[in-house]
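Any read-out appearing in this document is the output of simple, stated calculations on the displayed coordinates, not a laboratory observation. Because the structure is a prediction, the values reported are computed rather than measured. No Cβ is skipped: glycine too gets one built from the backbone with ideal geometry, and neighbour counts run over all protein chains shown.
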Amino acid sequence: MVRIILKKGRDESLRRFHPWVFSGAIAQIQGSPAEGDLVAVHDCEGRYLACGHYQIGSIAVRILSFDGDPESPEFWSESIAAAFAARQAIGLPSAETNCFRLVHGEGDGLPGLIIDWYDGVCVMQAHSVGMFRAKARICEALKEVFGDSLKAVYDKSSGTAPFKAGLDLVDGYLYKAPGFELGETAVSENGCQFLVNWVEGQKTGFFLDQRDNRALVGRYAAGRSVLNLFCYTGGFSIYALRGGALSVDSVDSSARAMAMVDRNVALNGFTGKHHSFCTDAIDFLGAAEEGKYDLMIVDPPAFAKHRGVLKNALRAYQRLNAAAISKVAEGGLIFTFSCSQVVDKIAFAELVFSAAAQTGRRVRIIDRLCQGGDHPVNIYHPEGEYLKGLLLYVD
């Protein structure tokens, strides 16, 4: 195994179990690793610290183990079994919920790997070359852990694995149980039904990280007129309708997503109270009548995927939130979110403060929101807390 030697004093983060080694911390590479190779990391005096996947970029090594052997036959099955045990500890799956995130990268000690479970179908995304090259072993581990309950394993890494690495980035099934032919299925989340298409949908087909926040919307929706901006396939809308909303307007610029919204509304038996609008969400909000809605969900896509665009992203978030705060009815609620990892929760709260001040309205924070427990944050890797939100009450 190629040895990575760190500069003096640059081993402290690894001794605190942070799972990344930055390129600037490396003093010497003893060997010629290809991207995705397993490498051993040592301090400046040659003492072993950890091993992980080598990659080209500012994050040079993603740590897989501080004390084990990722090349052992048991590594992948034991890691996935441990991740599943953590989900079982928080009640997943259950009689009402058969979809959840099974593996969440650094949060489960497997940096660069995402696996979502949809009623027996595992959809995986590799965010690193090392994980992409390990996909066959990961598939075998899933079969070992779940046995006959595993219906299929679908690799959807074409949009996430590094495209410059010369990989064969073609999505497809790594495994299908006999007779399995679907690319879409209906899943249950807290008793709500959703159609998930992992082949054509965004990410793995559904945004599982908002499960708890969707349930919270359902608690507050009774008797309210609801606007769901950037609705994707209508997750928040279905919960609001089930919670007793007077009406729900769902807005997204994707025609494919809006078609799925209508199918999900029908699947759950809600008719008459829901309206779909396939248009730009920001334009729709700008043209909306003031006071028409007394509950809004503002859940945009990531405006900042790297720090180079952070300043512009913060301004965009601020304008969006100012528009929502200015338009919501008196006594209204706003669920506002950012999924941009480079926008931390302090920066997000500050931009929402600035947006509120811009409107001159009285705004109170009712709750602070985050990703669900099946998207765990490694305590040694606080960067994993990517989803942040606020529940606002506006006078």
**Q.** Most positive-pole-ward Cα, I365, G46, P19, against dipole of the chain from beta carbon charges
**A.** I365
Q: Show which lysines lie in cross-link reach of K7 when reach means a straight Cα distance below 21 angstrom and same-chain residues fewer than eight apart are skipped.
A: none
**Q.** Considering only segment 207-394, percent of DSSP beta bridges that pair antiparallel, nearest 5
**A.** 45
(Q) Restricting to bridges with both residues inside the chain, how much of the DSSP beta-bridge set is antiparallel, in percent to the nearest 5? (A) 65
Q | Angle in degrees between helix 75-89 and the longest Cα principal axis of the chain, rounded to the nearest 10 | A | 30
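Going by a ≥ b ≥ c, the root eigenvalues of the Cα gyration tensor, does segment 2-65 fall in the rounded group (a/c under 1.5), the prolate group (a/b larger than b/c) or the oblate group?
Rounded, because the longest to shortest axis ratio a/c is under 1.5.
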Q) Going highest first, how would you order 184-193, 386-395, 39-48 by mean Cβ packing within 10 Å? A) 386-395, 184-193, 39-48
Q: Mind running the shape call on segment 75-183? Use the C-alpha gyration tensor, a ≥ b ≥ c as the square roots of the eigenvalues: rounded below 1.5 for a/c, prolate if a/b tops b/c, oblate otherwise.
A: oblate
Q.
Please compute the modelled spin-label separation between E200 and R361, points set 7 Å along Cα→Cβ, answer in nm with one decimal.
A. 3.7
(Q) Give the lysines reachable from K273 as a straight Cα distance under 27 Å; neighbours fewer than 8 places away on the same chain don't count. (A) K292, K327
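Might you report the magnitude of the Cβ-based charge dipole of segment 279-331 about its Cα centre, with Lys and Arg at +1 and Asp and Glu at -1, to the nearest 20 debye?
Charge dipole of segment 279-331: 500 debye, to the nearest 20.
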Q | DSSP bridge orientation in segment 1-90 - percent antiparallel, rounded to nearest 5 | A | 80
Q.
Please compute the length gained on full extension between E96 and I59, using 0.36 nm multiplied by the number of residues separating them and subtracting their Cα-Cα distance.
A. 9.4 nm
**Q.** Shape of segment 156-314, Cα gyration tensor, a/c cut at 1.5
**A.** oblate
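Evaluate the chain: find the radius of gyration of its Cα atoms, find its Kirkwood radius, and give the ratio Rg to Rh.
Rg divided by Rh gives 1.00.
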Q: Return one number: the angle in degrees, 0 to 90 and rounded to the nearest 10, between the long axis of the Cα atoms of helix 345-359 and the longest principal axis of the Cα atoms of the chain.
A: 20
Q. Which distance in nm do the two modelled labels at Y173 and H306 give, with both placed 7 Å along the Cα-to-Cβ direction?
A. 3.7
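For the chain, what does the helix formula give at 222 nm: sum of -39500 (n - 2.57) over DSSP H segments with n ≥ 4, over the residue count, nearest 500 deg cm²/dmol?
The helix-only estimate for the chain comes to -8000 deg cm²/dmol at 222 nm.
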Q. Picking from F207, N197, L174, whose Cα lies most toward the positive end of the charge dipole for segment 140-215 (charges on Cβ: Lys, Arg +1; Asp, Glu -1)?
A. F207
(Q) Suppose R0 equals 25 Å. What FRET efficiency, 1/(1 + (r/R0)^6) with r the Cβ-Cβ distance, do Q28 and R137 give to the nearest 0.05? (A) 0.25
Q: Step through the residues of segment 290-299 one at a time and calculate ³J(HN,Hα) from phi using the Karplus curve (6.51 cos²θ - 1.76 cosθ + 1.60, θ = phi - 60°), rounding each to whole Hz and writing x for Gly and Pro.
A: 4, x, 5, 10, 10, 8, 10, 10, 10, 10
Q. Rounded to a whole number of µm²/s, how large is the Stokes-Einstein D of segment 207-394 at 20 °C and 1.002 mPa s, given Rh as the Kirkwood radius over C-alpha pairs?
A. 129
Q: Using Cα positions and a limit of under 28 Å, work out the lysines in reach of K203, with same-chain residues fewer than 8 apart set aside.
A: K135, K143, K151, K156, K164, K176, K305, K311, K345, K388
Q) With θ set to phi - 60° and the Karplus curve 6.51 cos²θ - 1.76 cosθ + 1.60, what are the ³J(HN,Hα) couplings of segment 201-208 in order, to the nearest whole Hz, using x for Gly and Pro? A) x, 5, 6, 9, x, 7, 9, 6
